[in-house]
Amino acid sequence: DTKPLSLGGGGGFQRAKKGSSYEDLVSNADPAYNRLTFTAYWNEPVLEGKEKTRCRIVYIVYIVEDGTITVMEKKVQNSGMPQGCFLKKHRVPNPNRRDGFYELQDLQPGKDVIFYGRKFHISCCDAKARQYCQRKGVECAPDEQVPEDTFEASRTRSQETKLQNTPMKEDTFE
């Protein structure tokens with residue numbers, strides 16, 4: 001079974017429904033869990049097309065209780081790319097620590113993390129994560145701007161232009 005795990009309402013783990021997303025994971029989670037969310041991105045090389053790279057935005061969810069991490073990518077309709085659960089919930093080995101895993105102090109705005117060979121740049125965190133870090137004495141850098149995905153921006157502009165240039169049929173009532 002290859003469906004990602006999600007936090008169940010009763011505190012245990014359940015299989016996520018097919019097509020589940022980051023929003024589903026967060027909304028179905030038990031409020032007793034301390035989830036801290038960080039926004040990150042990675043640049044994917046593009047072999048065909050006008051652009052050389054695509055900026056892929058992901059959400060890194062860190063569970064305070066057990067130090068596990070889930071990485072989810074927001075789904076973009078008709079993008080033609082696989083999206084959704086990028087990394088299932090588990091403790092992620094840190095290549096910079098001998099026999100160690102990623103911890104909260106590693107997941108800070110402005111820092112790069114490498115999950116299984118893929119480099120992510122963390123750009124910001126939610127207010128809950130920032131408050132938790134301050135309470136625990138973990139230095140939390142200011143948020144950074146997430147770079148614009150030029151492909152997605154041009155696609156959105158193209159769709160808006162098509163809508164503006166499409167003549168509307170007038171309804172006639174007799």
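What residue, of GLN77, GLN83, is assigned to a loop (DSSP other than H, G, I, E, B), in contact with a strand residue (DSSP E or B) (Cβ under 9 Å, 6 or more places away or on another chain) and modelled with pLDDT under 90? The unique qualifying residue is GLN83.
Out of GLU65, GLU51, one residue alone is open to solvent by 60 Å² or more (accessible area, probe 1.4 Å) and acidic (Asp, Glu). It is GLU65. Taking every residue in the range 57-77 that is under 14 Å from GLN105 (Cα atoms) and pairing it with any residue that is of a type in the set (A, V, I, L, M, F, W, C) and part of a loop (DSSP other than H, G, I, E, B), at least 6 positions away or on another chain, the pairs with Cβ-Cβ distances below 7 Å are ILE60/LEU107; TYR62/LEU107; ILE69/VAL92. Whether a residue is over 21 Å from PRO45 (Cα atoms), open to solvent by 80 Å² or more (accessible area, probe 1.4 Å) and not in a loop (DSSP other than H, G, I, E, B) was assessed, and ARG135 passes this test. Does any residue of the range 147-157 turn out to be modelled with pLDDT of 70 or more and either assigned to a helix (DSSP H, G or I) or among the aliphatic types (A, V, I, L, M) (or both)? Within the range 147-157 (the criterion being modelled with pLDDT of 70 or more and either assigned to a helix (DSSP H, G or I) or among the aliphatic types (A, V, I, L, M) (or both)), the answer is no, since none of the residues qualifies. In summary, ILE114 fulfils each of the numbered conditions (1) assigned to a loop (DSSP other than H, G, I, E, B); (2) of a type in the set (Val, Ile, Thr); (3) at pLDDT 90 or above with the single exception of condition (1).
The values are calculated or read from the model by the stated rules, or taken from the named source; none is laboratory data. Predicted, not measured: the structure shown is a model, and the values here were computed from it. Cβ sites come from the backbone with ideal geometry, for glycine too, and all protein chains shown count toward neighbours. For accessibility, only protein heavy atoms count, side chains too; no ligands or nucleic acids. Shrake-Rupley method; radii C 1.70, N 1.55, O 1.52, S 1.80 Å.
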